[in-house]
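Please see the structure below; I have some questions.
The values are calculated or read from the model by the stated rules, or taken from the named source; none is laboratory data. Note that the coordinates shown come from a computational prediction; the quantities given were computed from them, not determined experimentally. Glycine gets a Cβ as well: all are built from the backbone with ideal geometry, and neighbour counts include every protein chain shown. Surface areas here come from the heavy atoms of the whole protein model, side chains and all, with no ligands, DNA or RNA. Shrake-Rupley method; radii C 1.70, N 1.55, O 1.52, S 1.80 Å.
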Amino acid sequence: MALELTAEQRSVFDHIESTRDHVFITGRAGTGKSTLLHHLSWNTAKQVVICAPTGVAALNVGGQTIHSLFRLPIGLIADSTIDQNPVTRKLLNTIDTLVIDEISMVNADLLDAMDRSLRKARQRKTEPFGGVQVVMFGDPYQLPPVPGDVDERAYFTDHYRSMWFFDAKVWLEAPLKIIELAKIHRQHDEAFASMLTAVRHGRVTADIANVLNTAGARTPPDGVITLATRNDTVSRINKTALDRLPGKVKTAKAELSGDFGGRNFPADEALELKPGAHVMFLRNDSDQRWVNGTIGVVTKIRDTVWVEVDDEEFEVGPSVWEKIKYSYSASTKELRKDTVGEFQQFPLRLAWAVTIHKSQGKTYDRAVVDLGTRVFSAGQAYVALSRITALDGLYLTRDLQPRDIIVDNDVRRFMSEAPRVVATELPAHATPTPDA
């Protein structure tokens, strides 16, 4: 789908194309980070490789997982020897720019291992990342890295200031430019957007909490999606609602081919539906009839599924998610992007409820936020609230409490101390100059 860049997104794109700067592109929820990454992947003049920390994140951006790309072991790497075969070395030697999505989920040890891998493969041991430009996308206020076991946490305590990517040792040698996208596209009500910013930074006053709780105390209309902290809550809500519908469940089983691997699929392996089921789209439509996160109701099920969205009925066919692997082409002396596996399924998920984690990146006009008995991790309340486009679309199962607004202290420290550039203040660049 063709996406038009805003002036600030264009400015960031031009900066990436025209410099060798290592940049971290961040911004509040709904500022268009994904749109910019998508544009970069299709329009860059550089030899770009895109990677992400998880399989689903990699599929969503048309990239490869970090561990697969670099052939790194799962778990703590520390100072272990990094083995590389000739194929991996050639591939890593071809990269101009390495793009990492969901960087906030990448811990410092893994980023340092990527740095060591690039230096080794490119035989440029004194240059951070072996001379490769690194461009990172994410928001540390939303997704934290997953803590390991007791021994791993002890290692980070002894060797790093924190687990976060921004405390990797490579940044002691390499300057990192933080570029912040400022324009919010999801919320158009400035008052609500400013409240969400207060939640993001942990600066919620009693007045702000009162406004959010008063709005959230209203009874939601039937069928409004619930964003919940727990998987079991989501499963229970969806199963109960599906069982209430008349008729028999019809199951669409995903088709897997090639080297897809793993069990962390981008859609349900067995999708259970009935007419009347509330569903959420999991991909943008090439004809722009729906986007990732659009909510609809199943009207009929044949070989395809018919879904009604805003009084308009659409026929939905299966989508194909491609698992990508980068390789080096000796004939063209360039990177090649090969499809090594495919997952085919209807791009739908039951959507009476969804976990807050899976709501990441989605936009909803209305949602019920169920924080359960407590919030489990930093940023969880912010992610849930910031999915919603307007205050009058917010419903809460209980009042927000001070304990729900958690901001990681290391994120607070990094984002307050590190120099940042607002995207609109970047210097204008002329002709892009990809690395020779």
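Give me the dipole magnitude in Debye, nearest 20, for the chain about the Cα centre, with unit charges on the beta carbon: positive for Lys and Arg, negative for Asp and Glu. Walk me through the numbers on the way to the answer.
On the way: 52 positive and 56 negative charges, 129 e Å.
My answer is approximately 620 debye.
Per residue, how much accessible surface does region 1-108 expose to a 1.4 Å probe? Answer in Å², no decimals. All intermediate terms of the calculation are to be shown ahead of the outcome.
On the way: 3990 Å² over 108 residues.
For region 1-108, the solvent-accessible area averages 37 Å² per residue.
Among Pro86, Pro318, Pro275, which one moves the most in a GNM of the chain with springs linking Cα atoms closer than 10 Å?
Ranking Pro86, Pro318, Pro275 by mean-square fluctuation puts Pro86 first.
Just to confirm the filter: which trypsin sites (Lys or Arg not before Pro) across region 89-163 are DSSP coil and have at most 13 other Cβ within 10 angstrom of their Cβ?
Listed in order of number, the matching sites are Lys125.
Right, something else. For a quick check, take a GNM of the chain with Cα springs below 10 Å and name the residue from Ala351, Ala174, Ala367 with the largest mean-square fluctuation.
Comparing Ala351, Ala174, Ala367 in a Gaussian network model of the chain, the most mobile one is Ala174.
Where does region 197-265 land on Rg(C-alpha)/(2.2 N^0.38 Å)?
Here the answer is 1.78, to two decimals.
In whole Hz and in residue order, list the ³J(HN,Hα) couplings for region 321-327 that follow from phi through the Karplus curve 6.51 cos²θ - 1.76 cosθ + 1.60, θ = phi - 60°; x for Gly and Pro.
9, 9, 8, 9, 9, 7, 8
How large is the charge dipole for region 102-163, taken about the Cα centre, if only the Cβ atoms of Lys, Arg (+1) and Asp, Glu (-1) carry charge, to the nearest 20 debye?
Charge dipole, region 102-163, about its Cα centre: 480 debye, nearest 20.
Report the convex hull volume per residue for the chain, counting only C-alpha atoms, in Å³. Walk me through the numbers before you get to the answer.
On the way: hull volume 68.1 nm³, N = 436.
Here the figure is 156 Å³ per residue.
Return the Rg/Rh ratio of region 248-391 with Cα-based radii and a Kirkwood Rh.
Ratio value, two decimals: 1.04.
Given labels modelled 7 Å from the Cα in the Cβ direction, how far is it in nm from Ile74 to Ala174?
Rounded to a tenth, the inter-label distance reads 2.6 nm.
Kindly express, to the nearest 10 degrees and within the range 0 to 90, the angle between helix 206-216's C-alpha long axis and the longest C-alpha principal axis of the chain.
Tilt of helix 206-216: around 50 degrees.
Calculate the length of the line joining the C-alpha centroid of region 34-77 to that of region 321-376, in whole Å.
12
Please give the helix 190-201 orientation as an angle from the longest Cα principal axis of the chain, in degrees from 0 to 90, rounded to the nearest 10.
Value to nearest ten degrees: 60.
Compute the Rg to Rh ratio over region 307-390 from the alpha carbon atoms, using the Kirkwood formula for Rh, and round to two decimal places.
On the Cα set of region 307-390, Rg over Rh gives 1.15.
Also, quick follow-up: If I take all pairs of Cα atoms in region 338-436, what percentage of them are more than 20 Å from each other?
Percent of Cα pairs beyond 20 Å in region 338-436: 61.
Roughly how large, in nm² to one decimal, is the mean projection of the convex hull of the alpha-carbon atoms in region 180-223?
Computing the convex hull of the Cα atoms and averaging its projections yields 4.3 nm².
Something else about it: For region 275-318, what % of the accessible area comes from carbon and sulfur atoms, probe 1.4 Å?
Carbon and sulfur together cover 38 percent of it.
Hey, what did the chain get for relative contact order, percent, Cα under 8 Å, at least 6 apart?
22
Translational D (Stokes-Einstein, µm²/s) of region 97-188 at 10 °C and 1.306 mPa s when Rh comes from the Kirkwood sum over C-alpha pairs?
In µm²/s, the coefficient is 110.
Looking only at Leu76, Leu245, Leu400, which one moves most when the chain is put into a Gaussian network model with springs between Cα atoms under 10 Å?
Answer for the Gaussian network model of the chain: Leu245.
Also, quick follow-up: Per the helix-only calculation at 222 nm, which mean residue ellipticity applies to the chain, given -39500 (n - 2.57) for every DSSP H run of n ≥ 4 and division by its residues, nearest 500 deg cm²/dmol?
-8000 deg cm²/dmol
Here is a follow-up. Kirkwood hydrodynamic radius (Cα pairs, Å) of region 1-77?
Taking the inverse mean of 1/r over all distinct Cα pairs, region 1-77 comes out at 14.0 Å.
Percent relative contact order of region 1-100, based on C-alpha pairs within less than 8 angstrom and at least six residues apart?
Over region 1-100, the number comes to 25 percent.
Along region 384-393, what does the Karplus equation 6.51 cos²θ - 1.76 cosθ + 1.60 (θ = phi - 60°) give for ³J(HN,Hα), rounded to whole Hz, x for Gly and Pro?
Going residue by residue, I get 4, 5, 7, 6, 8, 7, 8, 4, 6, x Hz, with x marking Gly and Pro.
Additional query: If contacts are Cα pairs under 8 angstrom and at least 6 residues apart, what is the relative contact order of region 129-244 in percent?
12
Given a cut-off of 27 Å, what percent of all Cα-Cα pairs of region 39-163 lie beyond it?
16
List the residues whose amide H sits under 5 Å from the amide H of Lys323, counting only those 5 or more places along or on another chain, with H placed 1.01 Å from N in the peptide plane.
Hits under the 5 Å cutoff: Val340, Gly341, Glu342, Phe343.
How much of the accessible area of region 67-192, in percent, comes from carbon and sulfur atoms when a 1.4 Å probe is used?
50
Counting only heavy atoms of the protein chains, get the accessible area per residue of region 169-265 (1.4 Å probe) and round it to a whole Å² value.
60
Related question: Using the Karplus curve 6.51 cos²θ - 1.76 cosθ + 1.60 with θ = phi - 60°, work out ³J(HN,Hα) for each residue of region 161-175 in order, rounded to whole Hz, and write x for Gly and Pro.
Taking θ as phi minus 60°, the curve returns 5, 7, 6, 5, 4, 6, 9, 4, 5, 4, 6, 6, 10, 10, x Hz for region 161-175.
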